[in-house]
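Read the figures in this text as sums done on the coordinates, not as results from a lab. These figures come from a predicted structure and were not determined experimentally. Reconstructed Cβ throughout: ideal geometry from the backbone, glycine too, with neighbour counts over all protein chains shown.
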Amino acid sequence: MFGGFSLFSSDMAIDLGTANTLVYVKGKGIILNEPSVVAFNLKNGRKEVLAVGEDAKLMLGRTPGSIQAIRPMREGVIADFDVAEEMIKHFIRKVHKRTTFTKPKIIVCVPHGATPVEKRAIRQSVLGAGARRAGLIAEPIAAAIGAGMPITDPTGNMVVDIGGGTTEVAVMSLGDIVYARSVRVGGDRMDEAIISYLRRQQNLLVGEATAERIKTSIGTARMPDDGRGASMMIRGRDLLNGIPKETELTQAQVAEALSEPVQQICEAVMTALEATPPDLAADIVDRGVMLTGGGALLGDLDLALREQTGLPISIADDSLHCVALGTGKSLEYEKELRHAIDYES
Ligand SMILES: Nc1ncnc2c1ncn2[C@@H]1O[C@H](COP(=O)(O)OP(=O)(O)OP(=O)(O)O)[C@@H](O)[C@H]1O
Ligand SMILES: [Mg+2]
């Protein structure tokens, strides 16, 4: 690119996720990727921003009474409007620091199933954070573009984006959505399933951060072939006597803990396939299903899905970045994709 390009263009694309927020700057690519968390200091009844993103995530579950760490997005949509706006402002300021005086145009992706009220909330918070114009694009379209799928071809393409809050299953053809459904199952639900399994089976209380660490290090969607798999030592509070306890956890146990959310994801794919017109469904049987989002990285999830649905399954390169990359491309190719971007509602 030309030197100083950024002086002329500070338009941005934002993937405002339940777990992570990514910012793509036109002509530059993804330049910010931080957890969607804000920490506040509570002073004389007033909230003062203490940390945003990575630093705030470290405080989750570890705050004293005077500090509050909040995740403003839940299940893919804004749960706390003021905090979300605060967070977006902070991130925009962070990437916008040395650039222009003009306000940026910003495209944000929204879950396909977002209601008009939820869409308006997202648009308002982006405008409130300093955007000149705010466009919305459906998340499955962004995910598919980011994964490099040929969505403008006259063939059926299925993308399954497994995020922190939701799993969105969509079938696309000719650049538009033929079928889409969002189920409120994603990484958060997996973490909760691990927490409740440990409480039930081991009388052990662990926090969300520990559950997420278990999931990302030894989490698996499928019973290991040897009936046990790898293991790790975990620490929590013994619910019987209240004191800290360390214990070993195997992959087989984690597979059991995760069986319900994994099953729900498989069912969402089957339901989508059944609801897809036959010729497009035949394309998907041939071409397979593309997984995107952080949840796509769960161990053996592709295998479990293949076994249960009989479809070929692939995991997108950079699965955690697909939605942001696709939203960013919609900024670069706005003319071609104008039917998919909504500046109005
Ligand atoms: N290796 C891994 N195995 C399993 N899960 C993982 C792995 N890496 C990340 N995750 C999970 O992926 C989720 C985050 O994914 P992603 O960034 O796609 O979500 P998001 O876009 O913020 O959420 P949403 O799209 O639902 O709003 C988190 O729940 C995280 O724990
Ligand atoms: Mg997402």
Using Cα-Cα distances under 8 Å and only pairs 6 or more residues apart, what relative contact order does the chain have, in percent?
19
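Show me 162-169, 23-30 ranked by packing, highest mean number of other Cβ atoms within 10 Å first.
Values: 162-169: 26.2, 23-30: 19.6.
The densest-packed peptide leads the list: 162-169, 23-30.
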Beta bridge orientation in the chain: antiparallel %, DSSP, nearest 5
75
How do VAL323, VAL171 rank when sorted from fewest to most other Cβ atoms within 10 Å of their own Cβ?
VAL171, VAL323
Fewest to most neighbouring Cβ within 10 Å: what's the order for MET149, MET172?
MET149, MET172
Provide the packing ranking of 11-21, 135-145, 33-43, i.e. peptides ordered by the mean count of other C-beta atoms within 10 Å per residue, highest first.
135-145, 11-21, 33-43
Quick note, the stretch 187-258: a/c under 1.5 would make it rounded; otherwise a/b > b/c is prolate and the rest oblate (a ≥ b ≥ c, C-alpha gyration tensor); here it is prolate
Residues whose placed amide H lies under 5 Å from that of TYR179, excluding near-sequence neighbours
VAL171
With +1 on the Cβ of every Lys and Arg and -1 on the Cβ of every Asp and Glu, and nothing else charged, how large is the dipole of the chain about its Cα centre, in debye rounded to the nearest 20?
1680
Cβ-based net charge around GLU332, under 14 Å, with every Lys or Arg adding one and every Asp or Glu removing one
+3
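Among CYS322, CYS266, what is the fewest-to-most ranking by other Cβ atoms within 10 Å?
Ordered from fewest to most neighbouring Cβ atoms within 10 Å, CYS322, CYS266 come out as CYS266, CYS322.
Give the Rg/Rh ratio for the chain, taking Rg as the radius of gyration of the Cα atoms and Rh as the Kirkwood radius, to two decimals.
0.99
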Set the bar at 20 Å for Cα to Cα. Now go through LYS26/LYS335; LYS57/LYS103; LYS215/LYS329 and name every pair that lies beyond it.
LYS57/LYS103; LYS215/LYS329
At 222 nm, what helix-only mean residue ellipticity would the chain give, in deg cm²/dmol to the nearest 500, using -39500 (n - 2.57) for each DSSP H run of four or more?
-11500 deg cm²/dmol
